[in-house]
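The values are calculated or read from the model by the stated rules, or taken from the named source; none is laboratory data. None of these values were measured; they are calculated from a predicted model. In this analysis, Cβ positions are derived from the backbone assuming ideal geometry, glycine residues included, and neighbour counts consider all displayed protein chains. For the accessible areas, the whole protein counts, side chains as well, though only heavy atoms, and no ligand, DNA or RNA atoms are used. Shrake-Rupley method; radii C 1.70, N 1.55, O 1.52, S 1.80 Å.
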Amino acid sequence: MIEPDRRKYRSAAAQAAARAAAAAAWVSGLFGVVLAALLVLNHVQVAASAPLQDETLAALRKAVQANPGDAALRERIRAYDLLARRAFFTARSQIRTGGFLLLAAVAIFLASAKTAAELRRRHYLPPKCPGGETPPSSLRRAAAAGGGLLAAAALLLSLASPPADLLSSPPPPPSSTAGAAPAGGGEPGPAQPFCAPEPVPDHAWPQFRGPGGNGTAVHAEAPLRWDGPKGEHILWKTPVPRPGPSSPVVWENRVFLTGADKETCEVFCFDAGSGALLWRKEIRDVPGAPERPPEVMESTGYAAPTPATDGKRVFALFGTGNVAAFTLDGAPVWARHLGVPKNPYGHASSLALFPGRLLVQYDDEKGGRLLALDPATGKILWDQARPVKVSWATPVVANTGSRMEVLLNSKPLLTSHDPMTGRILWSLDHLGDEGEVAPSAAYASGRVFAGTENVSMAAVAVGPPPRLLWKFEDDLPDVSSPAATERFLVMASGGGVITGLEAATGKVLWRRELEEGFHASPVIVGDRAYLTDRKGVTFVFRLADRWEELARNPLGEKVSATPAFPRGRIYVRGEKHLYAIGP
Amino acid sequence: MPLRRLLPAGLALLLPVLPAGAQQARFPQPEFESGYRLPEVTQPSPRSPAMELVDLGALAAALGLSAWFALRLRSRRAIFLLMTAALLYFGFWREGCVCAVGSIQNIALALFSPDYTVPISVIAVFLLPLLFALFFGRVFCAAVCPLGAAQDLVLLRPVRVPPLLARVLSILPPLYLGLAVLAAAAGADFLICRYDPFVGFFRLGAGLEMFLWGAALLLVGTVVGRPYCRFLCPYGVLLGWMSRLSRRHLTVTPTVCTVCRLCEDSCPFGALLRPTPGQPSEGRRAGVRRLALLLGLLPLLVAAGAGAGLLVHAPLSRLHATVRLAEQVLLERTGKLAETTLESRTFHESDRPVEDLLRRARDLRGRFRTGSALLGAFLGLTVGGALLRLSVRRRRTGYEPDRGACLSCGRCIPFCPVERNPGAVRTAG
């Protein structure tokens, strides 16, 4: 017979052995608990520590960058680095040794616990009435339920996962906003299909010099004549609350501007229909921003960079180093401080847009930088160092036939960047060590045009490798940027000379000397170019082999900004007012 | 018992302390200015052919011993000792690789990829346990598989998983098997290795997730007998098929079952079948009608499974890194995704044409389409097969192991009072 409880019949030796095993289990278990707790602490410390990112090391690194010849400083960094590595690997070694010990403790615990359990085990005594067997019909239902659950899971998975047709659809054709396939003087490779961003709608003028920042409208409809003093074709005129040379940007029925003085930086939104100021937002309390703004030249001010809009948000950058995003209705989205720009004139490069990236040229005297921020969050997606001197040009985003490139004019290099990563795709020393670079580049049909006053205007076939096609050295722009088509290059100097060159050869087609100089950049709309001088007179001329002036339109107010050209309208920022011009 | 309650706590504390090997290289290489050249990083050399033979010999010997212990010696103690030795050798010494469970993927990849040649040693590791299962039942699970051994050792207070729940969960191993074969055949991933719960313990180094996964299974395993073996192991599906056909198999009783019922609570894995005479039976006609109905339904189940597989082919194709990368790059390039990944940045820097990537991704998605349909059909067939099996009445006069589910661990053997010598009944106590 089987006894229900055998403890009282168990031998004294067995009972003693059971007690000993139980004690061993307790001891090893407690040892394991203590050891595990210590190892957990160690692991948490190791996991949380980032010794090479701490402030001391960062400060030391900055110091050695500023003073690369300081041998003592370098030795300090080495010693600190070694200390951090030693601490980390010692902690790792402790964890590993502790892991072995813990395994041993667990093994002893298991063995002793099982032994104790075995020695105290009671034999099974079957109940008088055996339990009921699960009927096969229930088991069949359970098996079917398992299959049903799988089918439901498949359905849920297919519904919850991203659409499957992403790969099925052919890649979108190359965008036509920034030129066609390479041709002419370039050495174009075979045209390959690739994913270009969707074209910007023609009701929009999303950034400085329009879509891609290339000074070319995506339509051919713009008013030809107007007269500011007489009010002819002036739809409205509204005062701008704060000064700044930044240009207007447009999305549907909203016009955005920035303005700033030493105390306040603001973004303005005007109603495109009436000119009413819909909202104004001050950029303030940006984390990390110093209380005092940097010193800048009065003519540059703090609102030289033109804002940008992607149709969901409007982005504004100021000479203080603050960049901010608002919804089109003025709700703040994010703001961040990019560091105080060390810039002799003040930061003036404008924002540029690529889908999913807000591009910021952030050169200063410490070196060249091109950053991409996440438009939704302001997070820095990449930060590409550029081996250039400080410059004030704005990035141009161009479709070069086989890919999208970000083109940046600077001294001494013209650089091309991958908009996805910031990586420098190619570069060319086109300026040497001369001049100061404010004009942005222009792109058309495989050629990039870049230069600055007192040096040259260069035409470069896109790389890699880039190839210098020609250089032109007369009446060069100092602030105004050139604009180009496959056949023509137009540029305007600070001294008041407009020059038309043959894009392929650099041959002068025509030259027009005018009374006022130019800060605004020419904009190409269809077969015309629009160019506003500092006095506010806009010259409209045909892109042709000979000078053919179509109109000369006074505004009645000084102008430094480049006008915006959404379809059928022009928005001009004068010294104190914003004008809407239309039919 | 307090000691038994300590075990889960002890195992829980084991969780966070082992991922020492999971630490990534956090430090950039020092910049030497003295001209010192960092040594090139080399791969660890593969196991020598001689050692591979030793391993194969050890596997064959362990399988043979396991079969002998289970079928001839009928000794749970011997099986337990062999299991412990196998855990030490195949688990901690050989660090769990190559194991028979993971070898499924090598075989699948070799079958579907002309670029991959599977080593003979891996084929042997894959086939030997199956051959032994065909002759002697799942003796590999009993005492040779280190994954099973790790779970067996921690089983302290087994509770019975409700049979209906166990039946529902029984669909998981075929699903895991199908997914693993699909992923391996498409060159996407070795899922079994990626989600191996215990290899991190064997190597004392793995990602934290792997440790958490393994420790969770061990914790569950203190009360639920061998949860991975019963409700996940993909190789167990193949072993179960073989074991059902096995020539010989472990039995509870060495001769004739006296239906003393002493063994009825002995199996913690729910693999012991009761005698049938005591069970209610239905009419023969009803049984035949159901069988015919299920046979007719089988093609429909297979077709429905294939359809469900087609539904999920796109998400399944994302198991492949190329498909994920292509989708990521497309989303980035069209501005729908701002955040780049290390892979997409590397791709952008490689100057590879996007079109090439898309072509390859589309091709892979096509392969997953076919594979997913086949996977669904296989699962439909599995469910249909289970329904058919549950509809066939088998008579049992005594307690018998379920040949497909029995792990041949020998736990039931000491419970049987029947001696090998016919007619003799051992008195308990």
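Results for (1) β-branched (Val, Ile, Thr); (2) out of contact with any Phe, Trp or Tyr (no Cβ under 9 Å at 6 or more places or on another chain), shown as yes or no for each residue.
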| position | (1), (2) |
| --- | --- |
| A:386 | no, yes |
| A:393 | no, yes |
| A:405 | no, no |
| A:411 | no, yes |
| A:415 | yes, no |
| A:424 | yes, yes |
| A:427 | no, yes |
| A:438 | no, no |
| A:443 | no, no |
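To keep it simple, each residue is scored yes or no on (1) free of Cβ contacts under 8 Å to residues at least 40 places away in the same chain; (2) more than 14 Å from chain A (Cβ to nearest Cβ); (3) part of a loop (DSSP other than H, G, I, E, B).
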site	(1), (2), (3)
B:213	yes, yes, no
B:236	no, yes, no
B:252	no, no, yes
B:257	no, no, yes
B:266	no, no, yes
B:285	yes, yes, no
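On the stretch given as segment A:404-445, residues that are of a type outside the set (Val, Ile, Thr) and not in a loop (DSSP other than H, G, I, E, B) total 17. Of all residues in segment B:74-91, those that are touching a Pro at 6+ places or on another chain (Cβ under 8 Å), part of a helix (DSSP H, G or I) and either more than 16 Å from residue B:61 (Cβ to Cβ) or among the β-branched types (Val, Ile, Thr) (or both) total 2. Tell me whether segment B:285-293 contains one or more residues that are surrounded by 16 or more Cβ atoms within 10 Å (Cβ to Cβ) and not basic (Lys, Arg). No: zero hits. Considering each residue of segment B:369-384 in turn, none proves to be part of a loop (DSSP other than H, G, I, E, B), within 11 Å of chain A (Cβ to nearest Cβ) and out of contact with any strand residue (DSSP E or B) (no Cβ under 8 Å at 6 or more places or on another chain). Among the residues making up segment A:45-68, a single one is at the interface with chain B (Cβ under 8 Å from one of its Cβ atoms) and open to solvent by 40 Å² or more (accessible area, probe 1.4 Å): A:50. Within segment A:95-114, the set of residues being touching a helix residue (DSSP H, G or I) at 6+ places or on another chain (Cβ under 6 Å), more than 17 Å from residue A:29 (Cβ to Cβ) and open to solvent by 50 Å² or more (accessible area, probe 1.4 Å) comprises A:96 only.
When segment B:314-328 is filtered for residues that are more than 8 Å from chain A (Cβ to nearest Cβ) and closer than 15 Å to residue B:374 by Cα, the ones remaining, listed by number, are B:316, B:317. For segment A:481-499, filtering for residues that are small (Gly, Ala, Ser), surrounded by fewer than 22 Cβ atoms within 10 Å (Cβ to Cβ) and on the phi < 0 side of the Ramachandran plot leaves 3. If you check B:365, B:345 for being within 7 Å of another protein chain (Cβ to nearest Cβ), free of Cβ contacts under 8 Å to residues at least 12 places away in the same chain, crowded, with 18+ Cβ neighbours inside 10 Å and not aromatic (Phe, Trp, Tyr), only one passes: B:345. Taken together, A:79, A:24 contain a single residue that is without any contact (Cβ under 8 Å) to a residue 12 or more places away in the chain and farther than 24 Å from residue B:208 by Cα, which is A:79. Can you pull out the residues in segment B:151-186 that are of a type in the set (Gly, Ala, Ser) and either more than 10 Å from every other protein chain (Cβ to nearest Cβ) or within 26 Å of residue B:105 (Cβ to Cβ) (or both)? Within segment B:151-186, B:170, B:178, B:180, B:183, B:184, B:185, B:186 qualify. Counting the residues of segment A:115-143 that are part of a helix (DSSP H, G or I), open to solvent by 50 Å² or more (accessible area, probe 1.4 Å) and not polar (S, T, N, Q) gives 4. Annotation: of all residues in segment B:131-160 being in a loop (DSSP other than H, G, I, E, B) and among the β-branched types (Val, Ile, Thr), the one that is modelled with the highest pLDDT is B:144. Condition first: open to solvent by 60 Å² or more (accessible area, probe 1.4 Å), outside any helix (DSSP H, G or I) and of a type in the set (Lys, Arg). Can you find one or more residues in segment B:305-328 that meet it? No, that holds for no residue.
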